[in-house]
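One structure is given here, and the rest of the page talks about it.
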Amino acid sequence: MKPLGTQVLAEFFNCSKDILNDKDAIEKALCDGIERYDLGLIGINSHCYEPLGLTSIAVISESHVAVHTYPEARHASLDIYTCSRDTSKSMALLTYLKTILDPGKTRVAEMTRGIPIDIKTSDWVLDNSDADGFDIRYHIKNPVFHTVSAYQDIRIIDNVNFGRMLFLDNELQIAESDAHLYNASMVSPIIENGCPLADIAILGGGDGGVLHELLTHNPASATLIDIDKEVVDAARRFLPGICHEAFDDDRVTVVHDDVFTFLKDDHRFDAIIYDLTMHPEAFIVMERESYLHQLFTKIRDSLRPGGCATFQCCSEFDRETYALINRLLADIFPFLSFKSTYIPSFCAAWTFATIFTGAD
């Protein structure tokens, strides 16, 4: 006998967050759906994680159904395995679970089990951003560097149109061809508004591009805080067209620390450049809104009177994040403005924010 089965794998994005941490509701959805489509429920078991998230696994007559949730990211991963070539019941169950979890976007893949799984080297990087309505794939002309650090997947490639590109967890961070557009959008508001250039902090920015742009304006000192030393090391080796000699400048101090921990100390800056993600769900254990509100408040408290800060925000297509950032920054800072810059390698206009604290 040759073993055979079909596995449906799905990712649900932007789910109704209220249900994702509710064990009873998830178990009821599984039980009701399995019964509705006659998949033969044998038993179900769940585990709740602290402080958020749960896994529910239902054993059915032909294998299993599993759901794992990330409430802080409004995300659920699903696995439906049946010992059959026919996926009609599995897909019907998946559709039913969509009505319960109410995702804004889904991705679904089918695998036939019991035959060799042929894994081939991919010549493409699929960007893992939250753009709705389309995916972005970048062709790998030459794979340059790849590792998994303690914090994230780090990948550097060469692309025929965009030159050398840096991806973190499959999200494009910077491309050699248009890095100047991104970097100038982060630095120029500080210069144009006459902010003092004695002490500047960059939160994130491990590729060194924003740091290089800042140094062209001759600040007295610049402190770059990036938790992942491996990103900085990779930029030094493989991204000279982006970071140039910025990390070796005598005015620069590089700190490998969590920005929350760093900003707890009594640091004060004339300007702060926020070159971190606005989607920190992968490494936080609280709601994104609460995390960002706390971090933005720490940034305000770390600015000297009359100081300013710039923020990379999101793609023009990520309207939910734009609305959230607009509301949070407006609540914390008295003066706020936005601008957009089209970044060809991002395939979108990117939104940047500038804030001013005002003088005492």
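The values are calculated or read from the model by the stated rules, or taken from the named source; none is laboratory data. Source: prediction; values computed, not measured. Methodologically, a virtual Cβ is constructed for each residue, glycine included, from the backbone with ideal geometry; neighbour enumeration extends over all protein chains shown.
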Check your understanding: Taking interchain pairs and intrachain pairs at least six residues apart, which have beta carbon atoms under 9 angstrom, with the first residue in segment 295-306 and closer than 11 Å to residue 269 by Cβ and the second assigned to a strand (DSSP E or B) and among the charged types (D, E, K, R)?
Key -> 303/270; 304/199; 304/270
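Do you know which of the residues in segment 58-69 that are of a type outside the set (Ser, Thr, Tyr) and more than 20 Å from residue 286 (Cβ to Cβ) is modelled with the lowest pLDDT?
Let us first name the residues in segment 58-69 that are of a type outside the set (Ser, Thr, Tyr), namely 58-60, 62, 64-68.
If we keep only those that are more than 20 Å from residue 286 (Cβ to Cβ) as well, we get 58-60, 62, 64-67.
Numbers: 58: 96, 59: 97, 60: 96, 62: 89, 64: 96, 65: 97, 66: 97, 67: 97.
Within segment 58-69, the match that is modelled with the lowest pLDDT is 62.
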Point to revise | Among the residues listed as 87, 69, 82, the single one being among the β-branched types (Val, Ile, Thr), outside the structural domain of residue 291 (by TED's automatic domain parsing) and free of Cβ contacts under 8 Å to residues at least 60 places away in the same chain | key: 69
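Within segment 29-57, work out how many residues are under 28 Å from residue 284 (Cα atoms) and outside any strand (DSSP E or B). Walk me through how you get there before you give the answer.
Applying the first criterion (under 28 Å from residue 284 (Cα atoms)) to segment 29-57 yields 29-30, 45-57.
Pick out the ones that are also outside any strand (DSSP E or B) and you get 29-30, 49-53.
Final tally of qualifying residues: 7.
Kindly evaluate residue 242 against the criterion of being among the β-branched types (Val, Ile, Thr) and either farther than 29 Å from residue 163 by Cβ or touching a Ser or Thr at 6+ places or on another chain (Cβ under 6 Å) (or both).
Details: among the β-branched types (Val, Ile, Thr): yes; either farther than 29 Å from residue 163 by Cβ or touching a Ser or Thr at 6+ places or on another chain (Cβ under 6 Å) (or both): no.
Judged against the criteria, residue 242 is not a match.
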**Study point:** Unmet requirement for residue 169, which otherwise passes all of (1) within 18 Å of residue 249 (Cβ to Cβ); (2) outside the structural domain of residue 245 (by TED's automatic domain parsing)
**Key:** (1)
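For segment 50-66, which residues satisfy the criterion of being in contact with a helix residue (DSSP H, G or I) (Cβ under 8 Å, 6 or more places away or on another chain) and either without any contact (Cβ under 8 Å) to a residue 12 or more places away in the chain or hydroxyl-bearing (Ser, Thr, Tyr) (or both)?
Residue satisfying the conditions is 56 alone.
Answer with yes or no whether residue 266 is within 23 Å of residue 188 (Cα to Cα), in a loop (DSSP other than H, G, I, E, B) and without any contact (Cβ under 8 Å) to a residue 12 or more places away in the chain.
Details: within 23 Å of residue 188 (Cα to Cα): no; in a loop (DSSP other than H, G, I, E, B): yes; without any contact (Cβ under 8 Å) to a residue 12 or more places away in the chain: yes.
Here the answer is no, as residue 266 does not meet what is asked.
Which one is surrounded by the fewest Cβ atoms within 10 Å (Cβ to Cβ), of the residues in segment 141-185 that are assigned to a loop (DSSP other than H, G, I, E, B) and either free of Cβ contacts under 8 Å to residues at least 12 places away in the same chain or under 20 Å from the mean Cα position of the chain (by Cα) (or both)? Can you show your working first?
Looking only at segment 141-185, we keep the residues that are assigned to a loop (DSSP other than H, G, I, E, B), and these are 141, 149-152, 160-162, 169-170, 176-178.
Filter again for either free of Cβ contacts under 8 Å to residues at least 12 places away in the same chain or under 20 Å from the mean Cα position of the chain (by Cα) (or both), leaving 149-152, 169-170.
Numbers: 149: 15, 150: 8, 151: 17, 152: 20, 169: 16, 170: 14.
If we take residues in segment 141-185 being assigned to a loop (DSSP other than H, G, I, E, B) and either free of Cβ contacts under 8 Å to residues at least 12 places away in the same chain or under 20 Å from the mean Cα position of the chain (by Cα) (or both), then 150 is surrounded by the fewest Cβ atoms within 10 Å (Cβ to Cβ).
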Review point. Do you know which residues across segment 198-236 are part of a strand (DSSP E or B), farther than 15 Å from residue 182 by Cα and out of contact with any helix residue (DSSP H, G or I) (no Cβ under 7 Å at 6 or more places or on another chain)?
Key: 199, 201, 221, 223
Check your understanding: In segment 10-36, which residue that is surrounded by 16 or more Cβ atoms within 10 Å (Cβ to Cβ) and closer than 30 Å to residue 115 by Cβ is farthest from the chain's Cα centre (by Cα)?
Key -> 34
Practice item. Kindly check whether there is at least one residue in segment 218-226 that is crowded, with 19+ Cβ neighbours inside 10 Å, modelled with pLDDT of 95 or more, more than 18 Å from residue 268 (Cα to Cα) and acidic (Asp, Glu). Key: no
**Study point:** residue 282 modelled with pLDDT under 95 and small (Gly, Ala, Ser)
**Key:** yes
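For residues that are touching a helix residue (DSSP H, G or I) at 6+ places or on another chain (Cβ under 6 Å) and either among the basic types (Lys, Arg) or without any contact (Cβ under 8 Å) to a residue 60 or more places away in the chain (or both), tally how many sit in segment 237-246.
Filtering segment 237-246 for residues touching a helix residue (DSSP H, G or I) at 6+ places or on another chain (Cβ under 6 Å) gives 242-244, 246.
Checking which are either among the basic types (Lys, Arg) or without any contact (Cβ under 8 Å) to a residue 60 or more places away in the chain (or both) leaves us with 243-244, 246.
Selection size over segment 237-246: 3.
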